[in-house]
Structure formats: structure tokens, C-alpha cells
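This report refers to the structure that appears directly beneath it.
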Amino acid sequence: MARLTLDHVTKSFADFDAVKDVSIDVADGEFLAVLGPSGCGKTTLLRLVAGFEKVSAGEIRIGSDVVSNSGGSVAPEKRRVGIVFQNYALWPHMTVAENIGYSLKVAKLDKAVARRKVEDALALVNLQGLGDRRPANLSGGQRQRVALARCLVAAPSLVLFDEPLANLDVHLRASMEDEFAAFHKRSGTTIVYITHDQAEAMALADRIAVMDHGRLAQLATPRELYHEPANEMVASFISQGILLPADVLSAEEAGHCKVRVLETELVVRCRPGELPRAGAKICCRSADLEVSADSSGFDGLVKRVIYQGGAARIEFTPAAGPDLTLHFEQPDPVTLVSGAEARLRLKSGWLIPAAGPAS
Amino acid sequence: MPTRIRESRGQEMALTAAVAVVIVLLSLLPMLRLVKEIVAPGGTLSAIAIETGLRSPATWVATWHTLVVGIGGTLLAVLSGTLVAVLVSLTDIRGRSALVLCYVMPLMIAPQVTALAWLQLFGPASPFLKLFGAAPPLGTKNPLYSTSGIILLLGVQYGPLVFLLVRAGLRKLPRELVEAARAGGANWFTVLITIVLPLMTPSIMAASALAFVSCVGNFGIPAFLGIPANYLVLPTLIYQKLAGGGPAVLGETAFLSVLIGVIAMAGILAQEVMSRRRDYRISSTSLSAEPYELGRWRPVIQASLWLLILLVLVLPLFGLVLTSLVPGYGIALTAKTATLDNYRFVLFEHDAANRAFFNSFWLSIAAAFFAVIVAVPVGYLIAWGKQRWVRLLNLSVELPYALPGVVLAIASLLIFLRPIPFTGIQLYNTVWIILYAYLARFLVLALRPTISGYHQIDRALEEAAQVAGAGLFTRLRTIVFPLVAPAAIAGGLLIFMTALSELTVSALLWSSGSETIGVVMFSFEQGGDSNYAAAMSVITVAVTFVLMLVTNLLAPHLPSGVLPWRD
Ligand SMILES: Nc1ncnc2c1ncn2[C@@H]1O[C@H](COP(=O)(O)OP(=O)(O)O)[C@@H](O)[C@H]1O
Ligand SMILES: [Mg+2]
């Protein structure tokens, strides 16, 4: 178990920065998810931590050891990290037991001890008795478990997962998710878990690092990410947040301030110390929108109604902002029809902090 | 300034250094030595070697002959290879794998064996023609002892080479391109002429260049067919000069061998230039086109293809077997005269032949074994390495094989004519100089399949071992080698088959005691003992066939394209 520190890490390929100035501190035993759209540099970040890539600038520490900086890089085989690869990377020419026992054999562990450890690892992932099989004869979920057992058997200080569930069907995903969570609880290992699936990240992680074009957009708990996104990218990326232009009218008071949005006034949550300013943005969730029952709110046009069983997803264009699209759910009975005029009301929102260093 | 981290790159450095040493010794050293001999014979810069070479009329005649048979053989090979590739790849012809196997077979047979087989088929002593009483009277000139004979056999030998490259190109042709043209109203033949063949230009060009280099550098065919007619090409001219003059004429032959190298390179450059003129890149990948239905033409075309196989493979081999069973020159083969004496003689009685079998077998095994061992780490650095200069290494390994064998043979002679400095070890006139040349020349045959093997392996398999704590050598031994072994070993078997009856290199490097099968076969034929030569050929062809069958067992574990005869 060890803490992992990334200190202003940058990785450039030729003139392209795949990871830009990322600083993350993962506490001992923490489960950190790294979340971001495809191509934002997640895998590169993981490969930097594992030591397959060398940093262009910055420093990486595992525990108290510096493992990467511009002065050099500790070889991956010396880092004591475990990786569960997206496609499992099981060695086809070895049995399940040989796969799992490989690191013990490399470390020249006593054969009997190694055998017992392999048995234990198999039991840990519920694969007792499958040690003699070849990886080719296992199902996807079983392979995933072998990969997990293989990385655990060496008792790594840090376990890295690279989209481990991306190749599994929806059904298996849920059960493997449970298993990862249980495993984390049991072992208390520090985990860095890469995914592009928000639900997965939210379900598993203590904290989530959202990445965008190689930069760290926000590092926070799942709850904070959802309710208090630090910037527009996080606001719109997490749960399809709705961004609306707004002017801040009053200074922050008890975590709230007054804004003008879509030509109506609204009290939204905000960071301490916010002052009146123009050209701000607020983030709303679809749950913050409802059909106005009285004269409050703003008018607009229902663009589309997509019935989804039990409720409909409504896409709405406010008259005050013809370029904007708001979406929310109206439960049965669905009264809105596409092309109709309607009046909506915002219940709440979050004032996105002025651009500056991410928290 | 950040603290320096203790990196453990020792194994990686050691591996890189070892690979660099091997490549320098096997590829760069011979090429540089040869160039030095040309521009600075005896150590001082001078143009004497070049001038002497250019002044000799024999040089010009042989160069002319080389160009004639090189271009003629290439044309024939490209025409026949492309035609067969189109028929086999784009139509609904039946028995495709068998056709491919049989058509590609001549490639696995040494050129001098091909030459011998055809000579036996058409000569006045031909046991085959005698079967029908159709043999010309003894003393008649064999029609193959001629320019057109050489061109014909070069075409037969290298048509399959063109076939393989063009077929690989055709397989990548996306069906949409063909279907779009069909939908535009073009019939199949128009599509072939206006779409398919133009798009195949890069493949056909590359195949032509390869066929040209092979034809120009070929020794076996012009040696068997040209020397008796006193029709010399550059490789045979070099052979005759060396055979007559020994080391004294080495400088002169060095010039000639560089001349071959230049002609070969000119062919490759011409291909580059032609291919660059237009954009032939095919961007999409998709299924290949539906085969064209030949309809009522199918039996005819199928029959003609099998007739072609009969002509280029079955009959010559049949003739070879017949000759090997005849007791002496010109005797007709009957149930009474048929004998295995020739086999007994070459296998058990003739000393040089005995030695040749022994030498060739262990030379081939050693070359194959070494190549497999070296190909795995070299392939690792080339396919997976991060250093850019390693890619240059790849080029330099290709060079000794891309250049005609004569070039490498002369370079080896130059290097080892004198004892190796500091050690006093003398390789000249021993079998070891042949081994050196084989290692240098054939390494690439194992390296190519190994690299394509690497490209098929998920790199994460190695990385998983790395995070498990395995150092580079451990990973190479326990993970990487088992995974690329089938490809590397298949490459090794190809080397064995090629080296077993190799003649071009050993003809220039052999000495008494270090004969190879090819050399003894050649001297039997030159001495008029075609029956013995035929017996030896049949034995090597049989060994080759058996090895092909054995290699086929590896096929399920190999990247496609490693075994040329597998469809
Ligand atoms: N070895 C490399 N050389 C050049 N570019 C690379 C390399 N590895 C990754 N990249 C680039 O870095 C960016 C981030 O890649 P990656 O980390 O794989 O993204 P993710 O895992 O988030 O999808 C991509 O644009 C990718 O093309
Ligand atoms: Mg990725």
C-alpha cells in the first residue's frame, strides 16, 4: 500500500502534449478514478505511473520514492505496481496458475509458498479449481478475474486498472464492479482506475479526476463533481449538465448568490467569496427544471419529445436564448408535445467559478 | 535540478549492444569492405580498379547479357505471375490452395535444380523424350543452352515471386472499389484494366523490382545454361575469373560484383520512382471483392492453369527423377536399365558428395538456428524498440539479401582473405567462411516473419510481465520467445530449405573439403555426370518437400504470409 503523487507531470509526444501539468495526490488506500472522454490522455497517465512512458516534465512518487522525473525513470519491473489491462493481457502459452504465479517465479519464491499463494489468489477471485485451464478456455469475466488475481498475487503497492470493464457485456460489468469494490474494501490497496464511464467511476471511486485534453479538469468526490463542477467542461461532461449564461447580481452569502439567467432572477449555490460579475455561467441539472405552474419562469418552444417509458425526455429552446437547448424529464402523464409553447422554471443551479486554477 | 534516479537499463543496453555488434559484423562490414576495395584498393584512394574494370570488353559483354536476361526474365515473370495471381485471386476458380501450392513450389527449388531438371527434359539424352522415342539425336545442341533458354527459366523461377506479391496486393483490394465500377456500368474486363491493375501498380512494381534483382543476381541458371554456350553474365563471369585466377583477381571481381549491385539497386530505384508518380494508396480496409464467375470458361481456365503447373513443375521434376534412375548418359530408361546406383554413388561412394551432404546439412542447420536465436532480439528492437536508429538496422539486415549473393560472397572473400586481425584465425578456404556468408545473407529470412509475428502480439503481454517484476532477459525468455517462436522457427525452416541447396555463395567460397551440395551438383553437371547431379537434386528436393510438410504443422500459429506456399 502506498501513496501516489503526481507533481506537475507533463508528457509530450513530439510536439503534442498528451498529459499537461497534472498534479494528483492519491492517498494511501484511496480508490481514485480517472475519468475523461476518449483520447484525453488517461492511458498515457497510467503508463507514466507504471513506468512504460517517461515524463517530459514533473515528478512521480510512489510512497516516498521518486520513480519518474526528468532525471530518469525507474524501470516498470522495479516499481511494484500491478496493472489490470483492458484486454487482460493473459499469456496464452501459460495456464491460469502459471499466469498468476509468474511474478512469484520471477522473484524466485519458494515453489511450495508460491503454489499456496496462487491458490489463495484463485480463491480470492472465486476461481478455485481453474488453475490448470488455458486462458483461451475461459469466459470474459473469468479472464478478467485471472488478470485481477495475477496482479494481486505480488501484493503490489499500487494497482492500476485501464478500462477493465470496457470489453465486458453490461450484465457482467455490474457484477465485476461489485467485485472490484469488495476487493478494494478487503485489501485496502491504493487503486487508480481509468474509465470513460461516469456511472462506473461514481459507483467505485472515493475521488474522481476528470481529464480534458491532457489537463486535469477537476479532482473531487463524485458528489462534489456533480453538484459543484469547477469549470464548464466538467459541468457539461458529468451527467450532461446544462450550461446557461448568467450575470451575477449579488455577492455570495451563506453559499448562495443571486443571478440573472434567461431574463429571470434566480438564487444559485456558489463558492465562497463570489462577487457580482457579468458573463458568468451556471450549471443546471435536468432535475432543476420543471414546467412552471404559475407566471414565474421563462417561455420557449418544445423542440422534441422522446418518450422513454414512464417519462419523456423533453428538449426545449428558451425564447431568451434561441441557441440553447435545455433538456429535462417530464414524468407520465406527458403533457408537452413537440412544437408547443411552454413556460419552464429553474429551481436551482450552481455558479461555475470564474476561470482560474482548478480546485 | 531533479535528483538522478537509478535506472536499471543494463539489460536493455546489453541487448542493444549485442544486436548492434551482430548487425555491424554481418551487414555493414561486408558492404563497407567491398566499397573500400573499389575506391581505395590497397589502402589508397584511386580509380584504378574502376578503370581496369571498365576497360575490359568482357565486362561490357557480360553487363549487356545481364541486362538482357535480367529484363527478359523479369518481363516473363511479371506477365506470368500477374496473370496467375489475377486468375487465382479474382475468379471463382476451384482448387485454389492446391494451385497456389504447386505454382509457388519452384520458388522453393534451387535455381540450379530447376535448370538441371529442364535440361534433362529437353536434351538429346532426355530419358523423358526417349520414352516416346522423341529425343533428338545425340550431339544435338540442347535448345535451352541459349539466351531465350535462360530467360525462360528465370521467368519460371521468379514468376511465383511476382505472384505472391501481386496476390497479397489483390487481397487488400477493397470490394467497394470494384463494385463502384461495376455499378458504373463497367464489365469485369474493363474493371480489371481500368481499376484493378492500376491500383495494383505498387505491388506489380515492387514485384518487378524484386524479380529483376533476383534475375540479375541469379547464378545457377546462367551457370548451367549459359556457360556451356559461352554466354556469360556478370555472376558467371565473376565465377570464371575467380576459378581461373584465384585471389589475384579479387579486386577485379570486386568491381564486377559492385556493378551487379548497382544494376540491382537501379532496378529498385526505378520502382520507387515509378510508384511515386501517382497516388495509389488504398485507404479503406474491407472485405475483398466477390470472385468473378467464370461460368463456362471455368473448366478451360482451370485446365490451362493445371497445364501450366504440369509444364513448370511436374514435367521437369519427372525428368529429373528419370535421369537420376538412368545408369549413364544417353541410355534409354527401361524396366531393365532403371537403377538406384546413382543414389548409392552420391550418398555413399563419392567422397566430395558425401562431404557436401554433411557440410550443407550442418551449414543450413547452423544458419537456421543462429538466425532464429538472433531474429528474436533483433525483431524485438525493431518492432517494439523505442530507439529510432534501430529502424536503420532493419535496412542494413535487408541489404545482404536484397543484393545479389555474388556481392556478399566477394565481400566475404575480401574480409577473410587474410587471417582475422589479432587472432590469426584463418577462415579463407574453410567451411566457416561459407557459414559467415550464410548467416549474413539469410538472417533476414527469419527476421521478416519474426517481425510480423511481433506485430501480431499485443504489447501488453510483455508489459504485464514487466509489472510482474520480470527483467528484460527474463521476459524475452519466458514471454516473448514462446509467443514469437512459431514465426521465428518457420523463418528458420525457410532458411534451412534455402541454404541446403544454395549455390551462388558457396560456388565462390568453397574449397576442397568444404564443398556444398550445390557445388558438387554443379561440378557433376560440368563434368557431364548429369545422372549424379540429378540424384543429388532429387534428394534435396525430397528433403525440401518433407520440410514443407513439417513446417505446415506450424501454420495455425503463424501470421499469414509467412509460409509462401500456404494460401
Ligand atoms: N506513443 C504515442 N505517440 C504519439 N501519440 C500518442 C502516443 N500514445 C498516445 N498518444 C496520443 O495521446 C493522446 C492520449 O491518448 P490516450 O492516453 O491513449 O487517451 P485515452 O486513454 O484517454 O483514450 C491521444 O491523442 C493519442 O493519440
Ligand atoms: Mg485509453
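The values are calculated or read from the model by the stated rules, or taken from the named source; none is laboratory data. None of these values were measured; they are calculated from a predicted model. Virtual Cβ from ideal backbone geometry, glycine too; neighbours counted across all protein chains shown.
Of all residues in the stretch A:6-29, at least one satisfies being β-branched (Val, Ile, Thr) and more than 14 Å from ligand 1 (Cβ to nearest atom). Counting only strands (runs of 3 or more DSSP E) wholly contained in the stretch A:1-71, the ones carrying 1 or more residues that are within 16 Å of ligand 2 (Cβ to nearest atom) and under 23 Å from A:GLN198 (Cβ atoms) occupy A:16-26, A:31-35. Residue count for the stretch A:188-213 satisfying the condition of being in contact with a Phe, Trp or Tyr (Cβ under 9 Å, 6 or more places away or on another chain) and within 16 Å of ligand 2 (Cβ to nearest atom): 9. Inspection of the stretch B:44-58 identifies at least one residue that is part of a helix (DSSP H, G or I), among the polar types (S, T, N, Q) and farther than 14 Å from B:PRO160 by Cβ. A:GLU77 falls short on exactly one of the conditions (1) touching a Leu at 6+ places or on another chain (Cβ under 9 Å); (2) under 26 Å from A:HIS8 (Cα atoms); (3) within 16 Å of ligand 1 (Cβ to nearest atom); (4) at pLDDT below 90, and that condition is (3). Checked against the criterion of being within 27 Å of B:GLU525 (Cα to Cα), assigned to a loop (DSSP other than H, G, I, E, B) and among the polar types (S, T, N, Q), the stretch B:208-223 contains one or more residues that satisfy it. Looking only at residues of the stretch A:73-90 that are in contact with a Pro (Cβ under 9 Å, 6 or more places away or on another chain) and within 7 Å of chain B (Cβ to nearest Cβ), we find that the one that is surrounded by the most Cβ atoms within 10 Å (Cβ to Cβ) is A:ILE83.
Selection of first residues in the stretch A:207-223 that are in a strand (DSSP E or B) and of second residues that are acidic (Asp, Glu), restricted to Cβ pairs under 7 Å at least 6 apart or on distinct chains, gives the following pairs, ordered by first then second residue: A:ARG207/A:GLU30; A:ARG215/A:ASP21. Just a yes or no: is a residue in the stretch B:518-540 hydrophobic (A, V, I, L, M, F, W, C) and outside any helix (DSSP H, G or I)? Scanning the stretch B:518-540, I find no residue that is hydrophobic (A, V, I, L, M, F, W, C) and outside any helix (DSSP H, G or I), so the answer is no.
Within the stretch A:91-112, the residues that satisfy the criterion of being in contact with a Lys or Arg (Cβ under 8 Å, 6 or more places away or on another chain), surrounded by 17 or more Cβ atoms within 10 Å (Cβ to Cβ) and within 8 Å of another protein chain (Cβ to nearest Cβ) are A:TYR102, A:SER103.
Filtering the stretch A:223-231 for residues that are under 30 Å from B:GLN466 (Cβ atoms) and among the hydroxyl-bearing types (Ser, Thr, Tyr) leaves an empty set.
Among the residues of the stretch B:421-463, those that are assigned to a loop (DSSP other than H, G, I, E, B) and not polar (S, T, N, Q) comprise B:PRO421, B:PHE422, B:GLY424, B:ILE425, B:LEU427, B:TYR428, B:ILE457, B:ASP458. Scan the stretch B:448-471 for residues that are more than 7 Å from chain A (Cβ to nearest Cβ), of a type in the set (A, V, I, L, M) and crowded, with 23+ Cβ neighbours inside 10 Å and the total you get is 1.
Taking B:VAL431 as the residue in question, decide whether it is more than 14 Å from chain A (Cβ to nearest Cβ) and buried (at least 19 other Cβ atoms within 10 Å of the Cβ). So B:VAL431 fits the description; yes. Just one of the listed residues (B:LEU28, B:LEU32) is within 23 Å of B:PRO404 (Cα to Cα), surrounded by 14 or more Cβ atoms within 10 Å (Cβ to Cβ), at pLDDT 85 or above and not acidic (Asp, Glu), namely B:LEU28. Listed by position, the helices (runs of 4 or more DSSP H) inside the stretch B:102-185 whose residues that are modelled with pLDDT of 75 or more, among the basic types (Lys, Arg) and not assigned by TED's automatic domain parsing to the domain that holds B:THR544 number at least 1 are B:127-131, B:147-171. Selection of the stretch A:237-268 for residues being part of a strand (DSSP E or B), without any contact (Cβ under 8 Å) to a residue 12 or more places away in the chain and surrounded by fewer than 16 Cβ atoms within 10 Å (Cβ to Cβ) yields only A:GLU253.
Yes or no, residue by residue, for (1) of a type in the set (Lys, Arg); (2) over 19 Å from A:GLY321 (Cβ atoms); (3) surrounded by fewer than 21 Cβ atoms within 10 Å (Cβ to Cβ):
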{"position": "A:GLU228", "(1), (2), (3)": "no, yes, no"}
{"position": "A:ALA235", "(1), (2), (3)": "no, no, no"}
{"position": "A:CYS270", "(1), (2), (3)": "no, yes, no"}
{"position": "A:GLY273", "(1), (2), (3)": "no, yes, yes"}
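If you check B:THR91, B:THR82 for being touching a residue at least 40 places away in the same chain (Cβ under 8 Å), polar (S, T, N, Q) and under 23 Å from B:VAL213 (Cβ atoms), only one passes: B:THR82.
Restricted to the stretch A:85-189, the set of helices (runs of 4 or more DSSP H) holding at least 3 residues that are closer than 24 Å to A:GLY51 by Cβ comprises A:96-106, A:140-152, A:170-187. Kindly establish whether A:ALA293 is among the small types (Gly, Ala, Ser), surrounded by 15 or more Cβ atoms within 10 Å (Cβ to Cβ) and over 26 Å from A:PRO229 (Cβ atoms). No, not satisfied.
A single entry from A:LEU127, A:LEU165, A:LEU160 fulfils the requirement of being within 16 Å of ligand 2 (Cβ to nearest atom), in contact with a Lys or Arg (Cβ under 7 Å, 6 or more places away or on another chain) and at pLDDT 85 or above: A:LEU165. Residues that are touching a residue at least 60 places away in the same chain (Cβ under 8 Å) and either within 10 Å of chain B (Cβ to nearest Cβ) or under 22 Å from the mean Cα position of the chain (by Cα) (or both) within the stretch A:45-67 comprise A:LEU45, A:LEU46, A:VAL49, A:ALA50, A:ILE62, listed in sequence order. Take A:SER70 and decide whether it is at the interface with chain B (Cβ under 8 Å from one of its Cβ atoms) and modelled with pLDDT under 90. Here the answer is yes, as A:SER70 does meet what is asked. The requirement of being hydroxyl-bearing (Ser, Thr, Tyr) and modelled with pLDDT of 85 or more is fulfilled nowhere in the stretch B:276-298; no residue meets it. Of the listed requirements (1) over 26 Å from the mean Cα position of the chain (by Cα); (2) over 22 Å from A:GLY188 (Cβ atoms); (3) more than 14 Å from chain B (Cβ to nearest Cβ); (4) aliphatic (A, V, I, L, M), A:VAL170 misses just one: (1).
Among the residues of the stretch A:175-184, not a single one is aromatic (Phe, Trp, Tyr) and in contact with a strand residue (DSSP E or B) (Cβ under 7 Å, 6 or more places away or on another chain).
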